[in-house]
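The values are calculated or read from the model by the stated rules, or taken from the named source; none is laboratory data. None of the values given here were measured: they were computed from a predicted structure. As a convention, Cβ positions derive from the backbone with ideal geometry for all residues, glycine included, and neighbour counts pool all protein chains shown.
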Amino acid sequence: MFTAKGTKRLLLFILAAYIGLKTTTLGWYFLAPRYSGRPSPGASPEKLRAAVTALASGIGPRDLFNNNKGSLRLAEAYIIRRFRSSGCKIELQEYVAAGVPVRNIVCVRPGAEAPGEVILFGAHYDTFNNPGADDNASGVAALLDLADHASGKKFGRTLKFAAFVNEEPPFFRHEGMGSAVFAAAAAAKREDIRAAVILEMVGYFTEARASQRYPPLIGPFFPGRGNFAAQISNIRSAGTAFRIADAFRSASTLPLRTAVLPSFVPGADYSDHRSFWLAGYPAVMFTDTAFYRNPHYHKSTDLPDTLNYEYMASLADGLRAVLDGLAGRLR
(Lines give C-alpha, C1' and ligand atoms only; values in the text may rest on other atoms or scores of the structure.)
Protein backbone atom coordinates (compact mmCIF):
# COMPACT_ATOMS: atom_id res chain seq x y z
CA MET A 1 0.00 0.00 0.00
CA PHE A 2 1.42 3.41 -0.99
CA THR A 3 2.07 6.04 1.63
CA ALA A 4 1.53 9.69 0.75
CA LYS A 5 5.30 10.08 0.44
CA GLY A 6 5.58 7.01 -1.76
CA THR A 7 2.77 8.20 -4.03
CA LYS A 8 4.44 11.59 -4.43
CA ARG A 9 7.75 9.94 -5.35
CA LEU A 10 6.02 7.74 -7.94
CA LEU A 11 4.23 10.70 -9.51
CA LEU A 12 7.48 12.65 -9.67
CA PHE A 13 9.16 9.68 -11.33
CA ILE A 14 6.40 9.36 -13.95
CA LEU A 15 6.55 13.11 -14.65
CA ALA A 16 10.32 12.97 -14.97
CA ALA A 17 10.14 10.05 -17.38
CA TYR A 18 7.56 11.93 -19.48
CA ILE A 19 9.72 15.06 -19.60
CA GLY A 20 12.73 12.93 -20.53
CA LEU A 21 10.81 11.37 -23.41
CA LYS A 22 9.81 14.81 -24.69
CA THR A 23 13.48 15.66 -25.29
CA THR A 24 13.92 13.24 -28.17
CA THR A 25 12.17 12.01 -31.30
CA LEU A 26 9.86 9.02 -31.65
CA GLY A 27 12.29 7.08 -33.80
CA TRP A 28 14.85 7.03 -31.01
CA TYR A 29 12.52 5.04 -28.77
CA PHE A 30 13.17 1.93 -30.84
CA LEU A 31 16.46 2.43 -32.67
CA ALA A 32 19.89 2.89 -31.13
CA PRO A 33 21.35 6.28 -32.13
CA ARG A 34 24.25 6.30 -34.53
CA TYR A 35 27.34 8.48 -34.52
CA SER A 36 27.81 9.79 -38.06
CA GLY A 37 31.30 11.19 -37.63
CA ARG A 38 32.55 14.73 -37.18
CA PRO A 39 31.52 17.12 -39.96
CA SER A 40 34.48 19.46 -39.38
CA PRO A 41 37.56 19.67 -37.16
CA GLY A 42 36.93 21.00 -33.68
CA ALA A 43 38.30 19.65 -30.43
CA SER A 44 41.42 17.55 -30.89
CA PRO A 45 41.20 13.83 -30.00
CA GLU A 46 44.99 13.82 -29.60
CA LYS A 47 44.97 16.69 -27.09
CA LEU A 48 42.18 15.07 -25.10
CA ARG A 49 44.12 11.81 -25.02
CA ALA A 50 47.27 13.67 -23.92
CA ALA A 51 45.44 15.25 -20.97
CA VAL A 52 43.87 11.96 -19.89
CA THR A 53 47.23 10.21 -20.17
CA ALA A 54 49.04 12.92 -18.20
CA LEU A 55 46.60 12.51 -15.30
CA ALA A 56 45.82 8.78 -15.36
CA SER A 57 49.21 7.35 -16.43
CA GLY A 58 51.68 10.14 -15.73
CA ILE A 59 50.31 10.83 -12.23
CA GLY A 60 48.02 7.89 -11.46
CA PRO A 61 45.66 7.57 -8.45
CA ARG A 62 44.77 11.00 -7.06
CA ASP A 63 43.33 11.05 -3.54
CA LEU A 64 44.18 11.89 0.07
CA PHE A 65 44.69 8.31 1.17
CA ASN A 66 46.85 5.29 0.34
CA ASN A 67 49.98 7.47 0.22
CA ASN A 68 48.71 9.44 -2.76
CA LYS A 69 48.88 12.94 -1.25
CA GLY A 70 51.78 13.75 -3.55
CA SER A 71 49.82 12.62 -6.61
CA LEU A 72 46.91 14.90 -5.75
CA ARG A 73 49.34 17.84 -5.60
CA LEU A 74 50.82 16.86 -8.95
CA ALA A 75 47.31 16.87 -10.43
CA GLU A 76 46.71 20.33 -9.00
CA ALA A 77 49.92 21.60 -10.56
CA TYR A 78 49.05 20.13 -13.96
CA ILE A 79 45.57 21.68 -13.97
CA ILE A 80 46.86 25.08 -12.82
CA ARG A 81 49.50 25.03 -15.56
CA ARG A 82 46.91 24.21 -18.21
CA PHE A 83 44.48 26.85 -16.95
CA ARG A 84 47.21 29.49 -16.97
CA SER A 85 48.12 28.61 -20.55
CA SER A 86 44.54 29.48 -21.54
CA GLY A 87 45.08 33.00 -20.20
CA CYS A 88 42.49 33.09 -17.43
CA LYS A 89 42.72 34.23 -13.82
CA ILE A 90 43.36 31.41 -11.32
CA GLU A 91 41.52 31.27 -8.01
CA LEU A 92 42.32 28.61 -5.40
CA GLN A 93 39.68 27.72 -2.83
CA GLU A 94 41.63 26.02 -0.06
CA TYR A 95 40.05 24.19 2.86
CA VAL A 96 40.92 21.30 5.17
CA ALA A 97 39.54 17.78 4.64
CA ALA A 98 40.51 14.85 6.85
CA GLY A 99 43.18 17.10 8.36
CA VAL A 100 44.81 17.82 4.98
CA PRO A 101 44.72 21.14 3.07
CA VAL A 102 43.04 20.60 -0.32
CA ARG A 103 42.07 22.97 -3.13
CA ASN A 104 39.37 23.58 -5.66
CA ILE A 105 41.00 25.18 -8.70
CA VAL A 106 38.99 27.81 -10.59
CA CYS A 107 39.79 29.48 -13.91
CA VAL A 108 37.86 32.76 -14.29
CA ARG A 109 37.10 34.82 -17.41
CA PRO A 110 35.06 37.95 -16.46
CA GLY A 111 32.07 38.78 -18.66
CA ALA A 112 32.05 41.98 -20.70
CA GLU A 113 28.33 42.82 -20.43
CA ALA A 114 26.96 40.98 -17.38
CA PRO A 115 29.95 40.08 -15.22
CA GLY A 116 27.72 39.29 -12.23
CA GLU A 117 26.05 36.44 -14.12
CA VAL A 118 28.12 33.26 -14.01
CA ILE A 119 28.22 30.19 -16.23
CA LEU A 120 30.18 27.40 -14.56
CA PHE A 121 31.71 24.25 -16.03
CA GLY A 122 33.11 21.79 -13.51
CA ALA A 123 34.78 18.39 -13.16
CA HIS A 124 36.40 16.59 -10.25
CA TYR A 125 40.07 15.66 -10.49
CA ASP A 126 40.37 13.14 -7.64
CA THR A 127 40.00 9.37 -8.07
CA PHE A 128 38.88 6.34 -6.09
CA ASN A 129 42.37 4.85 -5.57
CA ASN A 130 42.67 3.93 -9.25
CA PRO A 131 44.15 5.54 -12.40
CA GLY A 132 40.81 7.18 -13.16
CA ALA A 133 41.12 7.67 -16.91
CA ASP A 134 37.37 7.91 -17.40
CA ASP A 135 36.65 8.76 -13.76
CA ASN A 136 37.48 11.55 -14.07
CA ALA A 137 40.50 12.46 -16.15
CA SER A 138 38.10 12.47 -19.11
CA GLY A 139 35.95 15.15 -17.49
CA VAL A 140 39.01 17.23 -16.60
CA ALA A 141 40.35 16.89 -20.16
CA ALA A 142 37.04 18.20 -21.54
CA LEU A 143 37.08 21.01 -18.97
CA LEU A 144 40.59 22.04 -20.04
CA ASP A 145 39.50 21.94 -23.69
CA LEU A 146 36.67 24.35 -22.88
CA ALA A 147 39.07 26.71 -21.11
CA ASP A 148 41.32 26.62 -24.17
CA HIS A 149 38.32 27.23 -26.45
CA ALA A 150 37.43 30.36 -24.47
CA SER A 151 40.97 31.73 -24.73
CA GLY A 152 41.14 34.99 -26.66
CA LYS A 153 37.35 35.26 -26.99
CA LYS A 154 34.92 37.72 -25.44
CA PHE A 155 31.73 36.71 -23.63
CA GLY A 156 28.84 38.63 -22.12
CA ARG A 157 28.68 36.57 -18.93
CA THR A 158 31.49 35.50 -16.62
CA LEU A 159 32.86 32.04 -17.24
CA LYS A 160 34.23 29.83 -14.47
CA PHE A 161 35.98 26.53 -15.06
CA ALA A 162 36.20 24.66 -11.76
CA ALA A 163 38.30 21.56 -11.04
CA PHE A 164 36.84 20.12 -7.83
CA VAL A 165 38.67 17.98 -5.31
CA ASN A 166 37.18 15.18 -3.17
CA GLU A 167 34.17 14.09 -5.19
CA GLU A 168 34.92 10.41 -4.54
CA PRO A 169 34.20 8.46 -1.32
CA PRO A 170 34.57 8.95 1.57
CA PHE A 171 33.77 12.61 0.85
CA PHE A 172 30.83 12.19 -1.52
CA ARG A 173 27.64 13.51 0.12
CA HIS A 174 29.68 14.45 3.19
CA GLU A 175 31.67 17.33 4.58
CA GLY A 176 34.87 17.83 2.65
CA MET A 177 33.39 17.32 -0.83
CA GLY A 178 34.95 20.01 -2.99
CA SER A 179 31.90 21.01 -5.00
CA ALA A 180 29.77 21.16 -1.83
CA VAL A 181 32.24 23.60 -0.29
CA PHE A 182 32.26 25.65 -3.50
CA ALA A 183 28.47 25.72 -3.97
CA ALA A 184 27.80 26.57 -0.32
CA ALA A 185 30.27 29.46 -0.48
CA ALA A 186 28.70 30.73 -3.72
CA ALA A 187 25.22 30.59 -2.20
CA ALA A 188 26.42 32.41 0.93
CA LYS A 189 27.76 35.20 -1.30
CA ARG A 190 24.55 35.12 -3.36
CA GLU A 191 26.60 34.48 -6.45
CA ASP A 192 24.39 34.47 -9.54
CA ILE A 193 25.27 31.13 -11.15
CA ARG A 194 22.92 30.88 -14.12
CA ALA A 195 23.98 27.33 -15.01
CA ALA A 196 26.44 24.75 -13.74
CA VAL A 197 27.49 22.08 -16.26
CA ILE A 198 29.28 19.16 -14.62
CA LEU A 199 31.46 16.79 -16.64
CA GLU A 200 31.52 13.33 -15.05
CA MET A 201 33.06 10.42 -16.98
CA VAL A 202 32.73 11.48 -20.62
CA GLY A 203 35.13 9.18 -22.49
CA TYR A 204 33.79 5.62 -22.64
CA PHE A 205 31.75 4.90 -25.79
CA THR A 206 31.05 1.59 -27.53
CA GLU A 207 28.93 0.32 -30.42
CA ALA A 208 28.58 -3.13 -28.83
CA ARG A 209 25.02 -4.41 -28.47
CA ALA A 210 23.56 -4.54 -24.96
CA SER A 211 26.49 -2.49 -23.65
CA GLN A 212 24.27 0.07 -21.93
CA ARG A 213 22.41 -0.51 -18.67
CA TYR A 214 20.02 1.77 -16.76
CA PRO A 215 18.38 2.33 -13.38
CA PRO A 216 15.09 0.50 -12.81
CA LEU A 217 12.25 1.55 -15.16
CA ILE A 218 14.46 3.86 -17.24
CA GLY A 219 15.84 1.36 -19.78
CA PRO A 220 12.74 1.02 -22.01
CA PHE A 221 13.03 4.68 -22.96
CA PHE A 222 16.66 4.60 -24.07
CA PRO A 223 18.95 2.64 -26.44
CA GLY A 224 20.97 -0.49 -25.68
CA ARG A 225 24.28 0.64 -27.17
CA GLY A 226 26.65 2.76 -25.12
CA ASN A 227 27.40 5.11 -27.99
CA PHE A 228 25.72 8.31 -26.81
CA ALA A 229 26.25 11.08 -24.29
CA ALA A 230 23.74 11.58 -21.48
CA GLN A 231 22.68 14.83 -19.91
CA ILE A 232 21.11 14.43 -16.46
CA SER A 233 18.90 17.15 -15.00
CA ASN A 234 16.45 17.52 -12.16
CA ILE A 235 12.98 18.97 -12.81
CA ARG A 236 13.99 22.42 -11.61
CA SER A 237 16.87 22.54 -14.12
CA ALA A 238 14.86 21.11 -17.05
CA GLY A 239 14.54 24.39 -18.96
CA THR A 240 18.29 24.89 -18.79
CA ALA A 241 18.87 21.29 -19.91
CA PHE A 242 16.65 21.69 -22.98
CA ARG A 243 18.48 24.85 -24.05
CA ILE A 244 21.80 23.10 -23.54
CA ALA A 245 20.64 20.13 -25.62
CA ASP A 246 19.68 22.40 -28.52
CA ALA A 247 23.07 24.13 -28.46
CA PHE A 248 24.92 20.81 -28.21
CA ARG A 249 23.15 19.30 -31.20
CA SER A 250 23.88 22.37 -33.31
CA ALA A 251 27.60 21.52 -33.25
CA SER A 252 27.95 17.78 -32.61
CA THR A 253 26.75 14.62 -34.33
CA LEU A 254 27.31 12.58 -31.17
CA PRO A 255 23.86 11.38 -30.06
CA LEU A 256 22.72 13.11 -26.88
CA ARG A 257 20.03 11.86 -24.54
CA THR A 258 18.60 14.15 -21.89
CA ALA A 259 16.97 12.59 -18.83
CA VAL A 260 15.09 14.76 -16.33
CA LEU A 261 15.02 12.72 -13.15
CA PRO A 262 14.30 13.11 -9.45
CA SER A 263 17.36 12.61 -7.27
CA PHE A 264 16.12 9.32 -5.79
CA VAL A 265 16.72 7.51 -9.11
CA PRO A 266 20.00 5.58 -8.58
CA GLY A 267 22.83 7.51 -10.21
CA ALA A 268 20.82 10.67 -10.92
CA ASP A 269 22.71 12.77 -8.37
CA TYR A 270 25.97 10.82 -8.18
CA SER A 271 28.34 13.69 -8.94
CA ASP A 272 29.09 17.33 -8.30
CA HIS A 273 25.87 18.63 -9.85
CA ARG A 274 24.16 17.42 -6.67
CA SER A 275 25.96 20.13 -4.70
CA PHE A 276 24.52 22.83 -6.95
CA TRP A 277 21.02 21.34 -6.82
CA LEU A 278 21.17 21.47 -3.02
CA ALA A 279 22.37 25.09 -3.13
CA GLY A 280 19.43 26.05 -5.36
CA TYR A 281 21.31 26.49 -8.64
CA PRO A 282 20.28 25.07 -12.04
CA ALA A 283 22.75 22.31 -12.87
CA VAL A 284 23.16 19.38 -15.23
CA MET A 285 25.62 16.52 -15.60
CA PHE A 286 27.13 15.31 -18.87
CA THR A 287 28.24 11.70 -18.61
CA ASP A 288 28.84 8.43 -20.43
CA THR A 289 26.64 6.98 -17.63
CA ALA A 290 29.56 5.66 -15.56
CA PHE A 291 28.94 2.20 -14.03
CA TYR A 292 25.86 1.74 -16.18
CA ARG A 293 28.22 1.38 -19.14
CA ASN A 294 31.91 1.36 -18.25
CA PRO A 295 33.08 -2.05 -16.90
CA HIS A 296 36.28 -0.43 -15.59
CA TYR A 297 34.49 1.87 -13.13
CA HIS A 298 36.55 2.25 -9.92
CA LYS A 299 38.99 -0.46 -11.06
CA SER A 300 42.71 -0.53 -11.79
CA THR A 301 41.77 -1.12 -15.44
CA ASP A 302 40.33 2.40 -15.86
CA LEU A 303 43.19 3.30 -18.21
CA PRO A 304 43.62 5.77 -21.11
CA ASP A 305 43.50 3.12 -23.83
CA THR A 306 39.96 2.10 -22.84
CA LEU A 307 38.49 5.44 -23.95
CA ASN A 308 37.22 6.53 -27.37
CA TYR A 309 38.79 9.91 -28.10
CA GLU A 310 37.04 10.48 -31.45
CA TYR A 311 33.64 10.26 -29.74
CA MET A 312 34.97 12.29 -26.82
CA ALA A 313 36.13 15.04 -29.20
CA SER A 314 32.67 15.17 -30.74
CA LEU A 315 31.23 15.60 -27.25
CA ALA A 316 33.70 18.44 -26.67
CA ASP A 317 32.55 20.06 -29.93
CA GLY A 318 29.01 20.12 -28.58
CA LEU A 319 30.12 21.47 -25.22
CA ARG A 320 31.96 24.32 -26.95
CA ALA A 321 28.69 25.37 -28.55
CA VAL A 322 26.96 25.08 -25.17
CA LEU A 323 29.60 27.38 -23.67
CA ASP A 324 29.22 29.94 -26.46
CA GLY A 325 25.44 29.95 -26.09
CA LEU A 326 25.20 30.08 -22.32
CA ALA A 327 27.95 32.66 -21.84
CA GLY A 328 26.88 34.83 -24.76
CA ARG A 329 29.88 34.81 -27.07
CA LEU A 330 30.51 38.27 -28.48
CA ARG A 331 33.55 37.53 -30.66
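Would you confirm whether any residue within segment 284-299 is among the aromatic types (Phe, Trp, Tyr), in a helix (DSSP H, G or I), at pLDDT 95 or above and buried (at least 23 other Cβ atoms within 10 Å of the Cβ)?
No: segment 284-299 contains no residue that is among the aromatic types (Phe, Trp, Tyr), in a helix (DSSP H, G or I), at pLDDT 95 or above and buried (at least 23 other Cβ atoms within 10 Å of the Cβ).
So which of ASN129, ASN104 ends up being surrounded by fewer than 24 Cβ atoms within 10 Å (Cβ to Cβ) and outside any strand (DSSP E or B)? I'd like the intermediate steps shown before the answer.
Working: ASN104 fails: outside any strand (DSSP E or B).
Going through ASN129, ASN104 in turn, just one is surrounded by fewer than 24 Cβ atoms within 10 Å (Cβ to Cβ) and outside any strand (DSSP E or B): ASN129.
Hey, can you tell me all the residues within segment 61-86 that are touching a residue at least 40 places away in the same chain (Cβ under 8 Å) and either buried (at least 17 other Cβ atoms within 10 Å of the Cβ) or touching a Gly at 6+ places or on another chain (Cβ under 7 Å) (or both)?
PRO61, ARG62, ASP63, LEU64, ASN68, LEU72, ALA75, GLU76, ILE79, ARG82, PHE83, SER86
Of the conditions (1) over 25 Å from PHE264 (Cα atoms); (2) surrounded by fewer than 20 Cβ atoms within 10 Å (Cβ to Cβ), PHE205 clears all except one; give me its number.
The failed condition is (2).
Consider GLN231 against the criteria (1) at pLDDT 95 or above; (2) within 16 Å of the chain's Cα centre (by Cα); (3) closer than 27 Å to GLY60 by Cβ: it satisfies all of them except one. Which criterion is unmet?
Every condition holds for GLN231 apart from (3).
Please work out if PHE276 is under 14 Å from GLY325 (Cβ atoms) and outside any loop (DSSP other than H, G, I, E, B).
When the stated conditions are applied, PHE276 does not pass them.
Yes or no, residue by residue, for (1) small (Gly, Ala, Ser); (2) at pLDDT 85 or above; (3) in a loop (DSSP other than H, G, I, E, B):
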| position | (1), (2), (3) |
| --- | --- |
| ARG34 | no, no, yes |
| GLY37 | yes, no, yes |
| SER40 | yes, no, yes |
| ALA43 | yes, yes, yes |
| ALA51 | yes, yes, no |
| ASP63 | no, yes, yes |
| ASN67 | no, no, yes |
| TYR78 | no, yes, no |
| ARG81 | no, yes, no |
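Restricting to segment 317-331, and then to whatever is of a type in the set (A, V, I, L, M, F, W, C) and out of contact with any Leu (no Cβ under 8 Å at 6 or more places or on another chain), can you tell me which residue is modelled with the lowest pLDDT? So that I can check it myself, show each step before the final result.
Taking segment 317-331 and keeping what is of a type in the set (A, V, I, L, M, F, W, C), we get 319, 321-323, 326-327, 330.
Cutting the leftovers down to out of contact with any Leu (no Cβ under 8 Å at 6 or more places or on another chain) gives us 321-322, 326, 330.
Values: ALA321: 98, VAL322: 98, LEU326: 98, LEU330: 93.
Applying the filter and picking the extreme gives LEU330.
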